[in-house]
Amino acid sequence: MRLWKKLAATAAALVLAVVGGGALWLAATPPDLLRVGDGYAAKIVCSNTFLAGRDPEAVLSADVQAPGNPLLRLVRVEVDRGKGLVTARILGLFAANYALYRPGLGCTSVPDGRLDAVQAVTVPAAEPVADRGALWPSGEWVAAAGDGRLSSLLADADLGGPGMRAIVAVKDGRIVAEAYGDGFDKDTPLVGWSMTKTVTATIIGRLMLEGRLAFDDSDLLPQWHGDGRAQVRLGDLLAMESGLAFNEDYGAISDVTRMLYLTPDMAAMAESAPQAAPPGTTFHYSTGTALVLSRLWMDRFADPKEATAYPRAALFNPLGMSSATFEVDEHGTFVGGSYLYATARDWARLGQFLLQDGVWNGRRLLPEGFVTAMRTPTKASDGAYTRVQAWIRGPNGTVGEAGVPADAFWLEGHDGQTITIVPSANLVLVRLGLTPSWLGYRPQGLLEKVLEAMAVPQAAAK
């Protein structure tokens, strides 16, 4: 009996030693996978708490843990509302990562914990909509729909898809129907994820109109001088044909997750990518490319503060997108591939602006031909992607699929965010939600039903 007691005591001591050693290891040198998980959780909770006014624990449960990696269920968050700080830790103990909120700039991932440096970056406040009582898009008043057909379609759970949070239909420049998921409404800012890439391209279009950038610009970055990357043109980056290597896999540690949640200067990491193919020859979708584009256009300003203020001054204020918040990295560079938050109505304003060929209130804000390039498919993508950060192929679909008008083009985010622009129908359809691609949801069905309800001639469809 004494032997068994000694063996049990020895085994218990070994278990405690292993657990203690593991805890010390996690505290001292946590694996990158854990830090990525905590970084993701901190960022999502921060933006939805301080921008959308949602409950942090509800965001952690619904937005981070429910649709994500099982490891995320171990994450705990602390929210310091006075400091605007969200801290996330595995089991509430390990691999701490941070996100910091600042008015006008939303939340910034701070993987190295240098909060003081991040707080130094500021941005002017948004201009309020001049007359909120005016008819949308000049104001926020929406006339009652003529009949309930569209409203019924937008409220159809099967058409709206799982995790739907907002749908807005715009016909002939007016909102004709809208629907919102439980806990969300017309005033809730929602993330666009990769729809933000098209916003970045649109900001570049504003600078093209001012003569500061051009599609054929090359030798774009000092660190690219003297190697093959000097041949990369701005147009190659916009078409995702730069030939730069970048791992876009969100499943584990990859270039994109390391960039978004472990790297203080995201653009610097993306700019260091090696050349994997000659520019203009292959299509490779890359969020890193969007960060390079952000750095490029921001470098056109001698004063960083002027660059930080530019999206609001040049795009959001003219369009009346007063809810739009474009978030930056720790270095102050806009996260141009992922992090724009705006209400569904403001996302619809952006779609209407592109439908109108970059003209707003009679004023041309984008060069002639720019939106045409945004609608022009590229050969390297087999017709799926366009020359300017947009899609011809709808989510989980094919190029030229039945029921989708031939002139339709799409802004797409990886969690089911879409803006569909159909010039032939004078239609913009916004659908926002939390709908991971693995659920297989296709907004094409919603689009087709909306077009039918509006009696769009079927001859216009493919």
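Mind listing just one residue for me: the one in the stretch 447-457 that is at pLDDT 95 or above and either assigned to a loop (DSSP other than H, G, I, E, B) or touching a Pro at 6+ places or on another chain (Cβ under 9 Å) (or both) and, of those, nearest to P395 (Cα to Cα)?
Among those residues, the one meeting the criterion is L447.
Under the condition of being assigned to a strand (DSSP E or B) and in contact (Cβ under 8 Å) with a residue 60 or more places away in the chain, which residue from the stretch 178-194 is farthest from F353 (Cα to Cα)?
Within the stretch 178-194, the subset assigned to a strand (DSSP E or B) is 178-180, 190-191.
Subsequent filtering for residues that are in contact (Cβ under 8 Å) with a residue 60 or more places away in the chain retains 178, 180, 190-191.
On the way: E178: 19, Y180: 23, L190: 19, V191: 19 Å.
Among residues in the stretch 178-194 that are assigned to a strand (DSSP E or B) and in contact (Cβ under 8 Å) with a residue 60 or more places away in the chain, the one farthest from F353 (Cα to Cα) is Y180.
Collect the residues in the stretch 178-199 that are buried (at least 24 other Cβ atoms within 10 Å of the Cβ) and of a type in the set (V, I, T), keeping them in residue-number order.
If the condition is that a residue be buried (at least 24 other Cβ atoms within 10 Å of the Cβ) and of a type in the set (V, I, T), then V191, T196, T198, V199 are the ones that fit.
Can you go through G39, G68 and tell me which one is part of a helix (DSSP H, G or I) and under 29 Å from W438 (Cα atoms)? Write out each step before concluding.
Values: G68 fails: part of a helix (DSSP H, G or I).
Residue meeting the stated conditions: G39.
Out of the residues in the stretch 129-146 meeting the condition of being among the small types (G, A, S) and exposed (fewer than 14 other Cβ atoms within 10 Å of the Cβ), tell me which one is nearest to M321 (Cα to Cα).
So in the stretch 129-146, the residues among the small types (G, A, S) come out as 130, 133-134, 138-139, 143-146.
Filter again for exposed (fewer than 14 other Cβ atoms within 10 Å of the Cβ), leaving 130, 133-134, 143-144, 146.
Working: A130: 11, G133: 15, A134: 14, A143: 19, A144: 22, G146: 26 Å.
Ranking the qualifying residues of the stretch 129-146, first place goes to A130.
Can we say Y261 is under 30 Å from C46 (Cβ atoms), part of a loop (DSSP other than H, G, I, E, B) and either among the hydroxyl-bearing types (S, T, Y) or in contact (Cβ under 8 Å) with a residue 60 or more places away in the chain (or both)? Lay out the reasoning, then the answer.
Working: under 30 Å from C46 (Cβ atoms): yes; part of a loop (DSSP other than H, G, I, E, B): no; either among the hydroxyl-bearing types (S, T, Y) or in contact (Cβ under 8 Å) with a residue 60 or more places away in the chain (or both): yes.
Against the criterion (under 30 Å from C46 (Cβ atoms), part of a loop (DSSP other than H, G, I, E, B) and either among the hydroxyl-bearing types (S, T, Y) or in contact (Cβ under 8 Å) with a residue 60 or more places away in the chain (or both)), Y261 does not qualify.
Kindly establish whether I203 is at pLDDT 95 or above, in contact with a Phe, Trp or Tyr (Cβ under 8 Å, 6 or more places away or on another chain) and in a helix (DSSP H, G or I). Quick ask: steps written out before the conclusion?
Working: at pLDDT 95 or above: yes; in contact with a Phe, Trp or Tyr (Cβ under 8 Å, 6 or more places away or on another chain): yes; in a helix (DSSP H, G or I): yes.
For I203, the condition - at pLDDT 95 or above, in contact with a Phe, Trp or Tyr (Cβ under 8 Å, 6 or more places away or on another chain) and in a helix (DSSP H, G or I) - is met.
State the number of residues belonging to the stretch 145-160 that are over 28 Å from F316 (Cβ atoms) and of a type outside the set (D, E, K, R). Even if it seems obvious, please write down each step before you answer.
So the first thing to find is which residues in the stretch 145-160 are over 28 Å from F316 (Cβ atoms), and the list is 146-149, 151-153, 155-159.
Okay, now just the ones that are also of a type outside the set (D, E, K, R), so 146, 148, 151-153, 155, 157, 159.
Total satisfying the criteria: 8.
Among the residues of the stretch 331-349, write down those that are within 16 Å of E127 (Cβ to Cβ), within 15 Å of the chain's Cα centre (by Cα) and of a type outside the set (S, T, N, Q).
A342, D346
For the stretch 209-250, give me each residue that is in contact (Cβ under 8 Å) with a residue 40 or more places away in the chain and over 18 Å from T282 (Cα atoms).
Within the stretch 209-250, L209, R212, L213, L220, L221, Q223, W224, D227, Y250 qualify.
When the residues of the stretch 147-177 are narrowed to those that are outside any strand (DSSP E or B) and of a type in the set (A, V, I, L, M, F, W, C), which ends up surrounded by the fewest Cβ atoms within 10 Å (Cβ to Cβ)? Explain how you work it out, then say what you get.
To start, the set of residues in the stretch 147-177 that are outside any strand (DSSP E or B) comprises 147-163, 172-173.
In the following step, the residues that additionally are of a type in the set (A, V, I, L, M, F, W, C) were identified as 150, 153-155, 157, 159.
Working: L150: 21, L153: 19, L154: 25, A155: 15, A157: 9, L159: 21.
Among them, the one singled out is A157.
Six or more apart or on different chains, Cβ under 6 Å: which pairs go from a residue in the stretch 276-304 that's on the phi > 0 side of the Ramachandran plot to one that's buried (at least 17 other Cβ atoms within 10 Å of the Cβ) and in a helix (DSSP H, G or I)? Could you list them?
Once the first residue is on the phi > 0 side of the Ramachandran plot and sits in the stretch 276-304, its partners that are buried (at least 17 other Cβ atoms within 10 Å of the Cβ) and in a helix (DSSP H, G or I) give G280/D236.
Determine which member of the set A324, A309, A342, A348 is in contact (Cβ under 8 Å) with a residue 12 or more places away in the chain, aliphatic (A, V, I, L, M) and touching a helix residue (DSSP H, G or I) at 6+ places or on another chain (Cβ under 6 Å). Explain how you work it out, then say what you get.
Details: A309 fails: touching a helix residue (DSSP H, G or I) at 6+ places or on another chain (Cβ under 6 Å); A342 fails: touching a helix residue (DSSP H, G or I) at 6+ places or on another chain (Cβ under 6 Å); A348 fails: touching a helix residue (DSSP H, G or I) at 6+ places or on another chain (Cβ under 6 Å).
Every option except A324 fails the conditions.
Can you name the residue in the stretch 73-102 that is in a loop (DSSP other than H, G, I, E, B) and within 17 Å of R54 (Cβ to Cβ) and, of all such residues, is nearest to the chain's Cα centre (by Cα)? Working first, answer last.
Taking the stretch 73-102 and keeping what is in a loop (DSSP other than H, G, I, E, B), we get 81-84, 91-93.
Still in the running and within 17 Å of R54 (Cβ to Cβ): 81, 84.
On the way: R81: 24, G84: 21 Å.
Among those that are in a loop (DSSP other than H, G, I, E, B) and within 17 Å of R54 (Cβ to Cβ), it is G84.
Can you tell me which residues in the stretch 343-356 are closer than 16 Å to A201 by Cβ and hydrophobic (A, V, I, L, M, F, W, C)? Give the derivation first.
If we filter the stretch 343-356 for residues that are closer than 16 Å to A201 by Cβ, which is where we start, we get 347, 350-351, 353-355.
Of everything in the stretch 343-356, those that are closer than 16 Å to A201 by Cβ and hydrophobic (A, V, I, L, M, F, W, C) turn out to be W347, L350, F353, L354, L355.
So, of the residues in the stretch 261-280 that are surrounded by fewer than 21 Cβ atoms within 10 Å (Cβ to Cβ) and touching a strand residue (DSSP E or B) at 6+ places or on another chain (Cβ under 8 Å), which turns out to be nearest to V118 (Cα to Cα)?
Per the criteria, the residue is A273.
Suppose the filter is of a type in the set (S, T, N, Q), without any contact (Cβ under 8 Å) to a residue 60 or more places away in the chain, within 23 Å of P56 (Cα to Cα) and outside any helix (DSSP H, G or I); does T108 pass it? Write out each step before concluding.
Numbers: of a type in the set (S, T, N, Q): yes; without any contact (Cβ under 8 Å) to a residue 60 or more places away in the chain: no; within 23 Å of P56 (Cα to Cα): yes; outside any helix (DSSP H, G or I): yes.
No: the conditions fail for T108.
The values are calculated or read from the model by the stated rules, or taken from the named source; none is laboratory data. Note that the structure is a prediction, hence the values are computed from the model and not measured. Positions of Cβ are backbone-derived with ideal geometry, glycine not excepted, and every protein chain shown enters the neighbour counts.
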